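The next block holds one structure in the form of structure tokens; read it before the comments.
All of the numbers you see were taken from the coordinates with simple rules; none came from a lab. No experiment lies behind these values; they were computed from the predicted model shown. Backbone-built Cβ (ideal geometry, glycine too); neighbour counts: all protein chains shown.
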Amino acid sequence: MAKFCISCGKEMEDNQQFCPSCGSAQNAGAPAAAKEGKSKMAAGLLGLFLGAWGIHNFYLGNTGRGIAQIIVTIVTCGVGGLWGFIEGILILTGSINTDADGKPLVD
């Protein structure tokens with residue numbers, strides 16, 4: 001498993017305490033991905049207000065699903081927009097809690 005610098009994002013070896021690129025000290029207790037990630041609140045609100053256009057899925061990296069939501073919304077004259085609204089609720093309640101890369105959403 002690759003380790004990345006918490007400051008500059010450059011790839012590092014697992015046992016390095018300081019980044020060779022920027023010299024930043026690394027937190028040995030938690031991986032860099034645990035502190036960074038997509039916002040659960042932002043994704044949920046995008047789903048509630050702009051879900052018909054799949055904006056929350058583009059934000060989370062689910063491009064194919066976002067495009068599908070746009071098509072469904074257009075074909076159903078807007079009724080399919082309920083799909084995005086429901087996904088927004090699921091994100092805010094924690095039923096959907098990862099982005100497209102499987103990284104957990106942060107609060």
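Below, the figures for the structure above:
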item: Distant alpha-carbon pairs in the range 40-93 (separation over 16 angstrom), percent; result: 27 percent
item: Extension gain, E36 back to K103 (0.36 nm per residue minus Cα-Cα distance, nm); result: 23.2 nm
item: Of F49, M12, S24, farthest towards positive along the dipole that unit charges on Lys, Arg, Asp, Glu beta carbons give the chain; result: F49
item: Shape metrics for the chain, restricted to C-alpha atoms - Rg then Dmax, Å; result: 17.6, 55
item: Cα-based reach from K40 at 19 Å (exclusive), listing lysines while leaving out same-chain residues under 8 positions away; result: K103
